[in-house]
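A short worksheet on the structure shown next.
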There are 2 protein chains.
Amino acid sequence: MEQVKEKASSCWLVDRNNISALFSDNALHINAILFPETASPVLDNLKKEFSAFSPTTAEKGKSLLFSLDSDGRRAGSFTLRHDEDVIEVSASEMTGLLYGWFELMKRLQLKDFSCGTYLSDSPAITIRMLNHWDNMDGTIERGYAGRSLFFTENRFIGDHEKTGRYARLLASAGINALTINNVNVHQVETRLITQEYRQALIELCDLFRGWGIQLFLSVNYASPIELGDLTTADPLDAQVKAWWRHCFDALYRDIPDFGGVVVKADSEHRPGPFTYHRTHADGANMLGEALAPHGGLVFWRCFVYNCQQDWRDRQTDRARAAYEHFAPLDGQFRENVILQIKNGPMDFQVREPVSPLLGAMPATNQVLELQITQEYTGQQIDLFWLVPQWKTILAFDTRLSSGPSTIEDLVCGRANAMPHAGVTAVVNTGDDRFWTGHVLAQANLYGYGRLLWNPAIEAGVLAREWSQLTFGTDAEVTRTVSEMLLSSGQVYEDYTAPLGVGWMVNPHHHYGPNIDGYEYDVWGTYHYADRNGLGVDRTLESGTGYVALYAPENCQLYNDLQRCPDELLLFFHFLRYDHRLKNGKSVIQHIYDTHFSGVEAVEGFIQRWQKLATLIPSDIHRNVAERLEKQKKNASEWRDRINTYFYRKSGIDDNKGRKIYK
Amino acid sequence: MEQVKEKASSCWLVDRNNISALFSDNALHINAILFPETASPVLDNLKKEFSAFSPTTAEKGKSLLFSLDSDGRRAGSFTLRHDEDVIEVSASEMTGLLYGWFELMKRLQLKDFSCGTYLSDSPAITIRMLNHWDNMDGTIERGYAGRSLFFTENRFIGDHEKTGRYARLLASAGINALTINNVNVHQVETRLITQEYRQALIELCDLFRGWGIQLFLSVNYASPIELGDLTTADPLDAQVKAWWRHCFDALYRDIPDFGGVVVKADSEHRPGPFTYHRTHADGANMLGEALAPHGGLVFWRCFVYNCQQDWRDRQTDRARAAYEHFAPLDGQFRENVILQIKNGPMDFQVREPVSPLLGAMPATNQVLELQITQEYTGQQIDLFWLVPQWKTILAFDTRLSSGPSTIEDLVCGRANAMPHAGVTAVVNTGDDRFWTGHVLAQANLYGYGRLLWNPAIEAGVLAREWSQLTFGTDAEVTRTVSEMLLSSGQVYEDYTAPLGVGWMVNPHHHYGPNIDGYEYDVWGTYHYADRNGLGVDRTLESGTGYVALYAPENCQLYNDLQRCPDELLLFFHFLRYDHRLKNGKSVIQHIYDTHFSGVEAVEGFIQRWQKLATLIPSDIHRNVAERLEKQKKNASEWRDRINTYFYRKSGIDDNKGRKIYK
């Protein structure tokens, strides 16, 4: 019991103190560990892995060999070999050794490593990034797992022990890039690029460098003004260009391998090039030019839309915004500028189609932006395992070329000839003792990293893998946890917003139901429910024409009421309550049915989890059990408000006669 | 122009520096001012009124004589006499002289004071109180006129000059009692009754005493615990009783004429006797007993309801709460305890029936609580003159006895034989240079005071009087201002919530439309709109039975759909959209019509006000003009949201074909 607890508190990754035991458990007697004779911070960390390790004195012991070869494989690739006398991790550079070591640990935990094993592996996606939305006062925007790991009271915390454990955890999930501060760069955070915070930043980069992770900063586009030097931030102004060049020259003098910057510009009241009547290409390229001499990158977010829309305006469609702002600029961005595009055209809703901008700019670097932190998906109170959603996104075929054209192809760099591609995501961690608030939300972070390494891995395999690494290999535990994870997204979708409609949440904090919460507001987020039906008409004939932003086949699919996938129907169409879905149910009956069944499913979670009480460490069991009770309360509120709201509008009774409050 | 400006900034009341001019303007040559030979802080202030006064040296000058007689009239009563040689203000005590002097100034301003005038006047209502909802950090709960006049940064400001002008202003409106702190008594404010703030409180009492105004404090019922002395606040606990007695003994030792306390207990998460399974009589009487030796009063608020109601619960009716909590306790309260009862059963909505608790406890002291600060009535951005609403309340006949039984009878002390009666109100002032943010909102404060002095005064007379005192006697100004004031309440009601339904506002701050903002919440505030109709069924037969709390005649009136006044229909009945009102219009057409006409009326205000540009000091004109523009924007938003919401629900077109967004 104690051992399981220890493992679980540090998640899926074996604590360094338990590595001896891991080899013993697998009856592997290691009597020598050999490293390449090279100086490297990664190697230093690898050596430290064995600081609590006692080599065997047995005659029949094996050597554990870390070796570098000159195969010139992709960064991070490794080979793992288990022979009679030797276990060898080999790679052509240091991070390969690191990932090979994590793979070895994983296989030992899963009892899936025997003599004769020989495997080669390499990451499918090059940029495997996380974005922290941490503020320097210690709060985290959309954070549900405590306070910032990096900042408090407008300074760096500097807890290298804890941050080191965190970096190791991320490295074990294959993460290789990280921003440490919120994309909404407030006053104090604007100064993160200045000398004022340089020493702390150097130390943090040193720390993460040892785990193969490059750091980036989110920067304020108006820095030249806000830091008090200039009166403009016009990207074509010579002084502005010189200001940024000078700024980055100084930064890279101190940290030569610094990653670069992430920018949220002209979005939700953030400053940007529009102020100066310049394009986003002008804005991003100016930063790219200043970073180019140092090999730095610009991640330029495409979350640009009119956040002062009039709800009366039925012509403007927020879903069109990113495409319309950026697609015309294809080919105009520098080679070290990467557009960062949210998975959907709106904003991390439970269900959205894939953004039409993804893949629509063949001459532009793109990364897909996901959200691991559960802003609209339960806030780490309600269970929502995001891997199935992400797999749906990766599998989407944009049909924008005759060559490889899925989102997976795009993020793996197969869809075009651009130098950079990958995925980034808003992370779900904080200083919570389990890192993620809800223990099972760890599976989102783990699943994210694993999926970026290998998008082909099945969701079910991943769910079982995380459960076994975290809770051990008890079959009932594995079955329960993995089945809960796998169904959790559908369950949440069932009891919240139906058929892709979105936005029926409480304004500001985004937890819990508020059906009209965003209906008459400025955010471009409407469901248009009336006494006849609901949904947003985005068709060619009678709607906003948004469907036309997709390739013809997808356009036709979504435009056609009969072919459009049920789960996205209300995203693309206004439907009458008595419209029949593909399963023959009316829209209103689907709403009632899914809301009743969603709550029942949560009750099922509670019962199933209860049965694991003796099989899971008590603090973890309680952590999840408490959240499941809150989830049930939330789910019941969703059920009743949604059902009442639509009953009052439609006047149509539930055909099963269940309780709907009038 | 400059003179008008000066007068307006200091409101309806002539600045002390202009008193010489006031007599000159009226061709009254005063060559001597005579006061009684008595020591009195009120007299000191009266003498100071003439500090900038230059007596005439003309032969035919008059004496201005302040004299005390021994008629033993009601406190505040005065006689005003204008003879050939003398102008005399006489009274049987000091505040009478004060009010007589203000009456004299008013008549001089209105050019309504000639030789031969002889008048006697006395206040109809004894308790003429104001409640400040000021917090010690300087904020004002529901305040729309700047920051607190009394507090900043958890201390008293101590600006005796400004506070003195404010006290003079209130005295000129006849106010004689005042609480200085919020009924929600937070942590720091709990300490206001302790020695820590005693010196500042003494000084403030000294200041207000000179204007005939007695001070009160809002106190925290849990003070014995929160101030750290006891572990209980149980009103029957001997230690608790002793604690309060000791507390008040010390307070009255320093301020022997202190007024007493106001208490919000067991309301919206405030502590109270319910914690100890005691009644509100137990709670209030314990405080009353401790105050009795000093002649202090307890104002005990009746705003007690379940603020954690489940919206699914159709049986619980918040409107019943105050009555049900308090009516059974009639006769159990001490003679120095006064129940403070909001005018309506809900919470200061634009339109509510009169609270059934008012007049329903013949053996209990009661005061009516009004709200001058415009929480739900436009927040001193939108114009809403409250006097007509208050007159409607005062005129309401409870029919609870065969004797005098209107609310006016109640607050004037004619309805029963209890020692105390009166009115209190949440005030609308702050440190704003015009005191009330919106200059025209001064008319609410003035109107409140005048109505308490004389409830019989016509609203139109009051509107003209305030306008003339503030802006001078120009006929166009008087007509425009008074007509705007008189129609403003109906206009606001027209473009906001229809037919008495209430609560269709943005949660928390309560400005602007949010039709479902309180519909699925915990506050007991629902309109139940569905595709067929809207409104709360409070009838005997099918509703919550709330109507039964009224005397039989009123119960029958409200219960009968055909007789219930239109403006309260949706408060008492759920009505179909096609239900015909008394004027033959359907409910839905009434909603559309009033919302279009409400906005048009605001546009009319703007045009009319514009015409006064050269007749009103420019800063004041701009103050109002800016607010009218904001009001128009707000009114338009109300119109469109309400119309769209109910069109979407009802599907019924406007019969005049005006623009309703779909």
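Throughout, read-outs are computed from the coordinates displayed, never taken from laboratory work. Just so we're clear, the structure is a prediction, and the values are computed from it rather than from any experiment. So basically every Cβ, Gly included, is an ideal-geometry build from the backbone, and we count neighbours across all protein chains shown.
Figures for the structure shown
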{"item": "Antiparallel bridge percentage (DSSP; both residues within segment A:127-453; nearest 5)", "result": "10"}
{"item": "Cα Rg, Dmax, the protein assembly as shown, angstrom units", "result": "37.2, 132"}
{"item": "Label-point separation, B:Lys162 to A:Gln199 (7 Å along Cα→Cβ), nm", "result": "4.5"}
{"item": "Loop GluC sites (Glu not before Pro), segment A:534-622 (other Cβ atoms within 10 Å of the site Cβ: 15 or fewer; DSSP)", "result": "A:Glu541"}
{"item": "Estimated distance in nm for a label pair at A:Thr139 and B:Lys662, the labels positioned 7 Å out from Cα along Cα-to-Cβ", "result": "4.2"}
{"item": "Position B:Ile606, label points 7 Å along Cα→Cβ, spacing to each other copy in nm (shortest first, one decimal)", "result": "5.4"}
{"item": "Karplus-derived HN-Hα couplings along segment A:600-615 (A = 6.51, B = -1.76, C = 1.60, θ = phi - 60°), whole Hz, x at Gly and Pro", "result": "4, 5, 5, 4, x, 4, 4, 5, 5, 5, 4, 5, 8, 3, 8, 10"}
{"item": "Ranked list, fewest to most other Cβ atoms within 10 Å of each Cβ, for B:Phe572, B:Phe23, A:Phe596", "result": "A:Phe596, B:Phe23, B:Phe572"}
{"item": "Part-to-part distance (alpha-carbon centres) for segment A:170-197 and segment A:511-587, which is given in Å", "result": "38"}
{"item": "Estimated inter-spin distance, B:Gln239 and B:Asp313, nm [label 7 Å along Cα→Cβ]", "result": "3.4"}
{"item": "Electrostatic dipole magnitude of chain A [Cβ: Lys, Arg +1; Asp, Glu -1; Cα centre; debye, to 20]", "result": "1180"}
{"item": "Shape call, chain B: gyration tensor on alpha carbons, a/c limit 1.5", "result": "oblate"}
{"item": "Rounded to 5, the percent of DSSP beta bridges in segment A:1-121 classed as antiparallel", "result": "45"}
{"item": "Label distances, nm, A:Ser63 versus same residue in remaining copies, Cβ-directed 7 Å point", "result": "12.5"}
{"item": "Lysines with Cα under 20 Å of A:Lys342, excluding same-chain neighbours fewer than 8 positions away", "result": "A:Lys264, A:Lys391"}
{"item": "Segment A:601-662-segment B:91-135 distance, computed between alpha-carbon centres (Å)", "result": "65"}
{"item": "Shortest-first nm distances, A:Asp257 label point to equivalent points in other copies (7 Å, Cα→Cβ)", "result": "8.2"}
{"item": "Label zone at A:Lys633 (point 7 Å along Cα-to-Cβ), backbone N below 17 Å, segment A:345-378", "result": "A:378"}
{"item": "Fully extended contour minus Cα-Cα distance, from B:Asp521 to B:Ser51, at 0.36 nm per residue", "result": "163.5 nm"}
{"item": "Lys pairs, segment B:1-121 - Cα-Cα below 22 angstrom, 8 or more residues apart or on other chains", "result": "13"}
{"item": "Gyration tensor (alpha-carbon) shape descriptor, segment B:127-453, a/c threshold 1.5", "result": "rounded"}
{"item": "Chain A, helix-only ellipticity at 222 nm - DSSP H runs n ≥ 4, -39,500 (n - 2.57), divided by all residues, nearest 500", "result": "-11000 deg cm²/dmol"}
{"item": "Whether segment B:495-650 is rounded, prolate or oblate, judged on the alpha carbon gyration tensor where a/c under 1.5 counts as rounded", "result": "prolate"}
{"item": "Sorted by Cβ neighbour density within 10 Å, fewest at the top, the residues B:Ser77, B:Ser70", "result": "B:Ser70, B:Ser77"}
{"item": "Trypsin sites (Lys or Arg not before Pro) restricted to DSSP loop in segment B:512-568 with at most 12 other C-beta within 10 Å", "result": "B:Arg563"}
{"item": "Sequence-distant lysines (8 or more away, or on other chains) whose Cα lies within less than 21 Å of B:Lys632", "result": "B:Lys611, B:Lys659"}
